Amino acid sequence: MSTEIIAPMTGKIISIVVKPGDKVNAEDEVVIMDAMKMEIPVYAPVDGIVKEIKIKEGDSVKTDQVLIVLE
């Protein structure tokens, strides 16, 4: 079963901390966003393996946009 990690708010992707195939644990930081001139870390909600990264550094994203898919 896949789990989607979504953007908590509109912003810009500063850094992607993981790559496809990486194992992550719940609460691991996976993406850093810039929103309202603040760095906003995005965390994995569950343990899993990074299946797909749907964004790249520098992308502008909207609230609830899928960033990463875990399996």
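Derivation of every value follows stated rules applied to the coordinates shown; laboratory data play no part. On a predicted model such as this, the values are computed, not experimentally measured, just so you know. For neighbour counting, all protein chains shown are included, and Cβ atoms are generated from backbone atoms with ideal geometry for every residue, glycine included.
Below is a table of values for the structure above.
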{"read-out": "All positions within segment 61-71 that are on the phi < 0 side of the Ramachandran plot and surrounded by fewer than 13 Cβ atoms within 10 Å (Cβ to Cβ)", "value": "LYS62, THR63, GLU71"}
{"read-out": "Enumeration of residues in segment 24-60 that are surrounded by 12 or more Cβ atoms within 10 Å (Cβ to Cβ) and among the basic types (Lys, Arg)", "value": "LYS51, LYS54"}
{"read-out": "Where a residue in segment 43-71 is closer than 16 Å to ALA26 by Cβ and without any contact (Cβ under 8 Å) to a residue 60 or more places away in the chain and its partner, wherever it lies, is of a type in the set (S, T, N, Q) and surrounded by 13 or more Cβ atoms within 10 Å (Cβ to Cβ), with Cβ under 8 Å and at least six apart", "value": "PRO45/THR3; VAL46/THR3; GLY48/THR3"}
{"read-out": "Considering residues of segment 1-41 that are among the basic types (Lys, Arg) and farther than 12 Å from VAL61 by Cα only, the residue nearest to the chain's Cα centre (by Cα)", "value": "LYS19"}
{"read-out": "Residues of segment 24-58 satisfying the condition of being assigned to a loop (DSSP other than H, G, I, E, B) and not basic (Lys, Arg)", "value": "ASN25, ALA26, GLU27, ASP28, MET36, ALA44, PRO45, VAL46, ASP47, ILE55, GLU57, GLY58"}
{"read-out": "Given (1) farther than 15 Å from GLY11 by Cβ; (2) touching a Lys or Arg at 6+ places or on another chain (Cβ under 9 Å); (3) outside any loop (DSSP other than H, G, I, E, B), number of the condition GLY21 does not satisfy", "value": "(3)"}
{"read-out": "Those residues of segment 1-18 which are touching a residue at least 40 places away in the same chain (Cβ under 8 Å) and in a loop (DSSP other than H, G, I, E, B), in sequence order", "value": "MET1, SER2, ALA7, PRO8, MET9, THR10, VAL18"}
